[in-house]
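The values are calculated or read from the model by the stated rules, or taken from the named source; none is laboratory data. Small disclaimer: the values here were computed from a predicted structure and weren't measured. Every residue, glycine as well, gets a Cβ built from its backbone with ideal geometry; the counts of neighbours run over all protein chains shown. Accessible surface is based on the protein model in full, side chains and every heavy atom, while ligands, DNA and RNA are left aside. Shrake-Rupley method; radii C 1.70, N 1.55, O 1.52, S 1.80 Å.
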Amino acid sequence: MPESIQQQVEEAIIHEFSTRLPESRLDVSINPVNQNLTLAACEHPLEIQIPFNSGQRVTAKATCHQPFWSLFVTAQVRQLMTVVVSAKPLVRNTRISAADIKLVEQDISRLGQDYFTREQDVIGKQVRRQIGSDQVINARMLEVAMLVSRGDRVMIEAQRGALTIRMPGIALEDGRQQQQIRVQNSQSGNEVRAIIIAPGVVRVQ
C-alpha cells in the first residue's frame, strides 16, 4: 500500500512539472511513506494535490475519497534545464559575445524564473555589473548595449520621399538602439536630434 501511494505521488509530480516546462528533465526522489500506517485500500485512484509554487522540496497531499483518508507525502524534485552561464568573468560595460557564454544544465527550481535558455537572447547585451565565471546569467545583470558613444563619428540619414540622404556627423551623447540623441552635422555644423537605428547610424525623423 505505501509503495502504491509513493508511485501515484511520483507520477503526479512528474506530470505536473512536465506540464509546466515540457523541455525540462526531472529527477524525483519520494521520501518513503511510513510502512506502519494502517490505511484501508482505496477503491479509486488517489487525488494528488501539489502546490503550484513548489521549489526543490514538494509536499503533496494524497486523498482517498472511498473510504476517506488523506496523508502528506514529501519529495525532493530537481527540474533540470539547459541555461546560459558565463564562460569566464565578465567586466561591467562590456558587450557579451558568443565566446563569453555557454549552455549548462542547471536545477531551475533554485533559480526561480530568472534565467535565459537561448544564447541569442544574451549575445550583444551589455554587462550591467561584474559577472563571475560559471554564473547563471539573469536579466538584472544585463542591459541593452550602447550603440553610439559621445564623440563617435556617425552617419546621419534623412528620408525625403523615396530618397535617402546621408551625411557625416558627430554624436554629442551616448545612446542605445532606438534612443534619440543630439548629433552635430559635420558639414553644416548644425545640431539635430536623431534616432539610433544601428551602430554608428542615426536617422532624422
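Within region 20-34, is even one residue more than 28 Å from residue 109 (Cα to Cα) and open to solvent by 50 Å² or more (accessible area, probe 1.4 Å)?
No, every residue in region 20-34 fails to be more than 28 Å from residue 109 (Cα to Cα) and open to solvent by 50 Å² or more (accessible area, probe 1.4 Å).
Being surrounded by fewer than 16 Cβ atoms within 10 Å (Cβ to Cβ) and out of contact with any strand residue (DSSP E or B) (no Cβ under 7 Å at 6 or more places or on another chain) is the filter here; which residues of region 133-148 pass it?
139, 140
If you go through region 103-113 one residue at a time, do you hit one that is farther than 30 Å from residue 8 by Cβ, at pLDDT 95 or above and either touching a strand residue (DSSP E or B) at 6+ places or on another chain (Cβ under 8 Å) or part of a strand (DSSP E or B) (or both)?
yes
How many of the residues in region 38-53 are assigned to a loop (DSSP other than H, G, I, E, B), more than 30 Å from residue 104 (Cα to Cα) and open to solvent by 80 Å² or more (accessible area, probe 1.4 Å)? Steps first, please.
From region 38-53, those assigned to a loop (DSSP other than H, G, I, E, B) are 38-46, 50-53; that's our starting set.
After this cut, where a residue has to be more than 30 Å from residue 104 (Cα to Cα) as well, the list is 38-46.
In the following step, the residues that additionally are open to solvent by 80 Å² or more (accessible area, probe 1.4 Å) were identified as 38, 43-45.
The qualifying residues number 4.
Could you please find all residues in region 165-177 being open to solvent by 40 Å² or more (accessible area, probe 1.4 Å) and at pLDDT 90 or above?
Those that are open to solvent by 40 Å² or more (accessible area, probe 1.4 Å) and at pLDDT 90 or above: 165, 166, 168, 170, 172, 173, 174.
Just checking, does region 57-66 include any residue being in a loop (DSSP other than H, G, I, E, B) and in contact with a strand residue (DSSP E or B) (Cβ under 8 Å, 6 or more places away or on another chain)?
There is no residue in region 57-66 that is in a loop (DSSP other than H, G, I, E, B) and in contact with a strand residue (DSSP E or B) (Cβ under 8 Å, 6 or more places away or on another chain).
Working only within region 59-79, note down all residues that are free of Cβ contacts under 8 Å to residues at least 60 places away in the same chain, open to solvent by 10 Å² or more (accessible area, probe 1.4 Å) and under 30 Å from residue 136 (Cα atoms).
Once the filter is applied, which keeps residues that are free of Cβ contacts under 8 Å to residues at least 60 places away in the same chain, open to solvent by 10 Å² or more (accessible area, probe 1.4 Å) and under 30 Å from residue 136 (Cα atoms), region 59-79 yields 59, 74, 76, 78.
I'd like the residue in region 160-205 that is part of a loop (DSSP other than H, G, I, E, B) and touching a residue at least 40 places away in the same chain (Cβ under 8 Å) and, out of all such residues, is farthest from residue 93 (Cα to Cα). Explain how you work it out, then say what you get.
Here is the first cut: in region 160-205, the ones part of a loop (DSSP other than H, G, I, E, B) are 161-162, 172-174, 177-179, 186-190, 199-200, 205.
Going one step further and asking which of them are touching a residue at least 40 places away in the same chain (Cβ under 8 Å), we end up with 199-200.
Working: 199: 16, 200: 18 Å.
The qualifying residue farthest from residue 93 (Cα to Cα) is 200.
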